[in-house]
Structures are given as structure tokens and as C-alpha cells.
1. Answer yes or no: is there a residue in segment 281-289 that is touching a Ser or Thr at 6+ places or on another chain (Cβ under 6 Å) and open to solvent by less than 70 Å² (accessible area, probe 1.4 Å).
2. Cβ-Cβ below 8 Å, separation at least six or inter-chain, first residue in segment 235-259 and at negative phi, second open to solvent by 80 Å² or more (accessible area, probe 1.4 Å) and outside any helix (DSSP H, G or I): which pairs?
3. Contact list please: Cβ distance under 9 Å, first residue in segment 71-90 and over 20 Å from ARG35 (Cα atoms), second residue of a type in the set (Phe, Trp, Tyr) and in a helix (DSSP H, G or I), pairs at least six apart or on different chains.
4. Can you find a residue that is of a type in the set (Ser, Thr, Tyr) and farther than 19 Å from ASP205 by Cα anywhere in segment 24-39?
5. Among the residues of segment 17-24, are any more than 17 Å from TYR103 (Cβ to Cβ) and out of contact with any strand residue (DSSP E or B) (no Cβ under 9 Å at 6 or more places or on another chain)?
6. Output the helices (runs of 4 or more DSSP H) that fall wholly within segment 117-201 and possess 2 or more residues being touching a residue at least 12 places away in the same chain (Cβ under 8 Å) and touching a helix residue (DSSP H, G or I) at 6+ places or on another chain (Cβ under 6 Å), or say none.
7. Name the residue, out of SER163, SER191, that is touching a Gly at 6+ places or on another chain (Cβ under 7 Å) and not β-branched (Val, Ile, Thr).
Amino acid sequence: MTDEAEILFRRSGALGVITLNRPKALNSLTLGMIREFDRQLREWRQDSSLAVVAIEGAGEKAFCAGGDVRAVWEAGKRGEVGQGLTADFFREEYQLNHLIHHYPKPIVALIDGITMGGGVGVSIHCSHRVVGARTLFAMPETAIGLFPDVGGSYFLPRLPGKSGLYLALTGARLKAADCCFLGIATDHCDSETLSGLLESLASGDYEGGDAKRVASNIIGGFRTDPGEAPIASAMASINSAFGGDDVFAILQRLSEMPGDWARETLDTLRKRSPFSVMLAFEQLRRGAALSFDDCMIMEYRLSQAMMRDGDFYEGIRAVLVEKDHAPRWKPDRLEDVEAAEIEASFTSLGARDLAFA
């Protein structure tokens, strides 16, 4: 395999390393990458000589900035709705997320740089999530007319307090220290030491031991203090504002709170896709009570509902295609989103529902 390949695999001792290799595209995931990623994980799962897997992103800017949603957008614009890339991309991406979540061997994600959307999906479900100082984490889907997927239904409601709902609805960005504070990351290491960490994982003594424990001990030797988490000082406000029973209660609480944070958060919510915000609220409400597998099945239903019509195509146009950042949402007000349309998005797809091998 050449270095021009979109995804690279290498073995070093007991370690298998996966490198997302599209640095000019911030290592965003294509369907081909997802398929190769899945195939290699399944192969290594059967290899008794391999104890640990690590995932990294090429270059210094990003771990993985998301999935290649522009390609999905183009497929949808060509009329490939419910088939082709609009169906295959989400199905196979979610199946990869499922494989990582249930993987029997420890997987260490080296999250350094931009990590959003699909990049979160291939890291948040790993047993070890190591962030570096360059980390910038977000689930920005409501800004492009989508919803916080790749397992967001499962992990976001399980973050401390109402922080997950806040992240889901606003797409707020987190630094490395924030990720550690919220439990999104398990460890923090200096960016310059990550290559050394890989070498130590490769040479670790896993014979007859608990590979996860051994990996944890090795990572512990590289662990550094991430510093103060900016989100910590906002947690009281987040819990108060986002503790409302519905989106309108959140808006009301924010409007009554003093200070820049409340005003800016209210303004952000008003700019996001109204349908996506309302859908994400219901998604997380349901996801809090569901198993991981059921969350992924639900998310696939939502993805296919969003592909049929609506704000996804307008959001991608505004943010990634024409880049005018002036989306014309339909409807353009939260107050005009129909509850029946939200409910319909959760409808079973029957034989087309997501299934796991």
C-alpha cells in the first residue's frame, strides 16, 4: 500500500496502527476508507499475536474532521435517495462505529487536532481516548441540517449534567481540557510524545495479561495535565438552561439568564437548523434510555429521513459548497417545526433497518 492511499495500516510488535491519510481534507472519511477500516479491524480481531490497535490522523491539523458529507450531498442531488451513497455511507459508517464499540481488544485513539462528526464516531467508542493540546472537538451537525449521529444518541446523554444536550444542539467546540473534564477523553498527552507512546504500546508485554490494563499503564506513563477546562465554569449555566423539558423551555431560560454566555448560546440556537435542533432534542431524550445498538438503529432511521428532503441539502450548500454561510432553513423558525414530522423521522425502515453482522 502506498502513502497516497486514503487509509494506511501497519504492524509494529503487538500493535496495529490505523492512519487516516487525507490530511488535505482534514482526514475526513470516505466510504472506501470506512470499508477498509472495517475489514482491517475484523482481520486483526482474529489475530492472536496482535494485542492493541491505535488510530491516528495524518498531519498536524486534524485527527478526522468528519465524514465526506459533500459526496453524500452530491449523491442525494443526483436523486440517489434511499439507495447508493445516501444509504450505504451511513449504514456502513454506523456498522464501523458498532464494531469499534464492541471490539474485544483495546483500541487507542490518538485525538490530536480537529475531531468532529465522523471523526468522533471512530474515536469516542474506543477503550482509550488520548487527546493532545491541538484537539478541537465538536458535533456540529445542527449547523448543516443533520443531527449528532455516529453514536451521539448514546454518548451525549451520558456526559455530565446537561453538557451532552448543550453540545448536541449548539455544536459548541471543546478544547483538550474540556474533553478530559467531561470524560470524552480518558487521557491527555503532549502532542510531541504521541509517537513515543505508539512505540511503547508496540513493545508492551501483553503475554498472559489484561491487554486493556497493560495499555492503560503504558499511557499513564505519558499522561500530562491538560490544564483548566473552560467549560467547567459554564457547567452551572448549562445545567440550568438545558434542564428544560423541551427546546422552548431552554430558549426561555436562556433569555432570562444574564451575561454573554446565555446571549451567545441563544443566538447560536436561533441560527441552527430548526428541524435539526428539534430532532436532536428528541433523539437524545430517547437515546438516554436505549442500548448502544438500539441507538445506532434509531440513528440510521433518522439519517434516511434526513436524506429524503429538508435542511441537509441546504446546510451543505451553505457551509461546504457555495460557502455563503446563509442557509435558508425550512421551516426557518423553531416554532414552526411540526411535531408530527419529528415523530415520522423515527419510523422503522422495515427490511432496510440497520443490522449488524
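The values are calculated or read from the model by the stated rules, or taken from the named source; none is laboratory data. Every value quoted in this text rests on a predicted model; they were computed, and no experiment measured them. Using ideal geometry, Cβ is built from the backbone for each residue, glycine included, and neighbour counts are taken over all protein chains shown. Accessible surface areas use protein heavy atoms only, side chains included; no ligands, DNA or RNA. Shrake-Rupley method; radii C 1.70, N 1.55, O 1.52, S 1.80 Å.
1. The initial filter retains those residues of segment 281-289 that are touching a Ser or Thr at 6+ places or on another chain (Cβ under 6 Å), namely 283, 287.
Those left that are additionally open to solvent by less than 70 Å² (accessible area, probe 1.4 Å): 283, 287.
The answer is yes, given that some residue of segment 281-289 is touching a Ser or Thr at 6+ places or on another chain (Cβ under 6 Å) and open to solvent by less than 70 Å² (accessible area, probe 1.4 Å).
2. Once the first residue is at negative phi and sits in segment 235-259, its partners that are open to solvent by 80 Å² or more (accessible area, probe 1.4 Å) and outside any helix (DSSP H, G or I) give ILE238/LYS162; ASN239/LYS162; ALA241/LYS162; PHE242/LYS162; GLY243/LYS162.
3. GLY76/PHE312; GLY76/TYR313; LYS77/TYR313
4. First, the residues of segment 24-39 that are of a type in the set (Ser, Thr, Tyr): 28, 30.
In the following step, the residues that additionally are farther than 19 Å from ASP205 by Cα were identified as 28, 30.
For segment 24-39, residues of a type in the set (Ser, Thr, Tyr) and farther than 19 Å from ASP205 by Cα: present.
5. The answer is yes, given that some residue of segment 17-24 is more than 17 Å from TYR103 (Cβ to Cβ) and out of contact with any strand residue (DSSP E or B) (no Cβ under 9 Å at 6 or more places or on another chain).
6. Details: elements: 118-121, 152-155, 163-170, 176-182.
Counting at least 2 such residues, we get 152-155, 163-170, 176-182.
7. Numbers: SER163 fails: touching a Gly at 6+ places or on another chain (Cβ under 7 Å).
Step by step, each of SER163, SER191 is checked, and only SER191 is touching a Gly at 6+ places or on another chain (Cβ under 7 Å) and not β-branched (Val, Ile, Thr).
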